[in-house]
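As structure tokens, the structure follows; a few thoughts come after it.
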Amino acid sequence: MTADLDTRARAAAAGLHRAADDLEPPEWEPPSNRRRTGARLAVAAVAVAGIVAVVVVGRAVVTDDPRQPVASGSGGVPALIPDALPDGLAAAGAVDLPRPEEELGPERMTVRLFGDATGGALSVTVFHSEAAEPADFGESTTVRGKPAWVSEDDAGQTALMWQEAPGILALVTSGSLDLAAMSSVAEGLTFGTDPAGGDVTVTVLPPGFAPMGALHDAALTGAILPSALPVTTGGHLAGFRDATGNRALVVGTITPEPDEVPVLRWMLGADAGEITVRGHQALRTTQAGGIDAVIWEESPGLYAVVGGTVGADAVLAAAESLRPATEQEWAAIVALGDEVSPTDHP
Amino acid sequence: VQPVIEAAAPAFVDLYRREYRPLVAFGYALCGSWGSAEELAQEAFVALFRDWDRIGGYHAPEGWLRRVVANRATSRWRRAASEARALARLGGRREPVADDATAADTEFWAAIRSLPPRQSQVVVLHYLEDRPVEDIAAVLDIASGTVKAHLHRARAALAAKLELEVDDDG
């Protein structure tokens, strides 16, 4: 023992404050209401998508509720709206999924997830961005003959990132593998011509690891949750908000691909609790920022989600009151928010 | 409701200007990346802005901001996504960020990040922000006794890792 912890800590804190004092805060630019709605739509969908995975993996459907479940029939995925709308909220807009290719944003990603019997996970993400050159990301190293950066978080998760080509960033993360193993995975990747990285191939896997799932050509969402939203499967999202946009509710129906489910679950790690909604066993979660969400399997393959910043009770009341919108009702909501997009970025 | 928001906007901007730097420092202590720390801070402010009419009335909304950053900094995926976005922004803007060398004791902060997440959050609020136990408990929404337990374990672990002496009364 050569020095005192508190003395060292005070000096370290002072140094960190000095470094932060050199930062120039970006001028605050409030997100517009239009973007706010889009972001909330995306956020709620993503937040709930993670819970979907839990439902799919481990939860049975309870069928003792007298209401008939809304089914996904030949006419497509039903669009649901709540009869019990929280006070002050009104319909703001709606989107139908999948989104047309031309409406997808510039930042998109493909995620491949691998796991082993011990619960270890390895992800390979190809991030399509207009970024020029990476800089200042953890410690420097080299991967595939290119400058790369390594960062480890407080939970022991290691991230290895590099720029594969102009506009393409690659990210390998794991909480169980060491850097050497992760680098071997990175060295073994082969990239095709898909600018979104959809055709990347993982040719080297650590012993015991096998594919768990993949998220294809997802769109990064807005600022509330920096996550990804699958936009290539069918569904509907309707947004409701008050006059300020600060209280909002999102109602969605989604149909995730089976192999997307494990990835969405892994991405979010949702801390969800069990609850019964409309006679179905459901899961609910509260995300940072006070977003309450609940999700359940309304009928086989069709998941309903309700999320918002209106309080847990109001979210549950809205969920219990869902019904299919008529074509006229849905068209009117879509017409309200034709600027809303799940890939809108604040 | 709109006049309330309009009246609150200057207060929000004041809070943003006052708290941006310490919030980034807090984020750096938890995640070890200036770029990610700035992203986490921005995300927290955006989340606050969107719920300002509710959270702005809190006794200490800056504590709420720290809870958001702490929660997001401990999520591996959110951190990875933040880093990707930070990387993209840095590449595009080429703006300078704080210099790690200026932050000096990177070994100390790395040791803190090696602790279990809740311990690291508690000890960062204790050392970096000099917050009393009751304040830390309010920020993290946990009991004061829990804070004391985490702080005790964290200080002991740090002292061992860094080979430093620790005052049990500290």
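The values are calculated or read from the model by the stated rules, or taken from the named source; none is laboratory data. Model, not experiment: these values are computed from the prediction. All Cβ positions, even for glycine, are placed from backbone atoms using ideal geometry, and neighbour counts span all protein chains on display.
For the reader, a short list of remarks on this structure follows.
- Selection from segment A:312-343 of residues that are of a type outside the set (A, V, I, L, M) and modelled with pLDDT of 85 or more: A:Asp313, A:Glu320, A:Ser321, A:Arg323, A:Pro324, A:Thr326, A:Glu327, A:Gln328, A:Glu329, A:Trp330
- Within segment B:138-170, being within 27 Å of B:Trp64 (Cβ to Cβ) and basic (Lys, Arg) holds for B:Lys148, B:Arg153, B:Arg155.
- Count of residues meeting criterion [within 14 Å of chain A (Cβ to nearest Cβ), in a helix (DSSP H, G or I) and among the aliphatic types (A, V, I, L, M)] in segment B:120-151: 7
- Test: residue in segment B:49-71 that is more than 18 Å from B:Asp141 (Cα to Cα) and more than 7 Å from chain A (Cβ to nearest Cβ): no
- In segment A:255-276, the residues that are surrounded by fewer than 20 Cβ atoms within 10 Å (Cβ to Cβ), touching a helix residue (DSSP H, G or I) at 6+ places or on another chain (Cβ under 8 Å) and at pLDDT below 75: A:Gly269
- Any chance B:Arg78 is among the basic types (Lys, Arg) and modelled with pLDDT under 80: yes
- Residue match in segment B:6-24 (condition: surrounded by 24 or more Cβ atoms within 10 Å (Cβ to Cβ), modelled with pLDDT of 75 or more and of a type outside the set (S, T, N, Q)): yes
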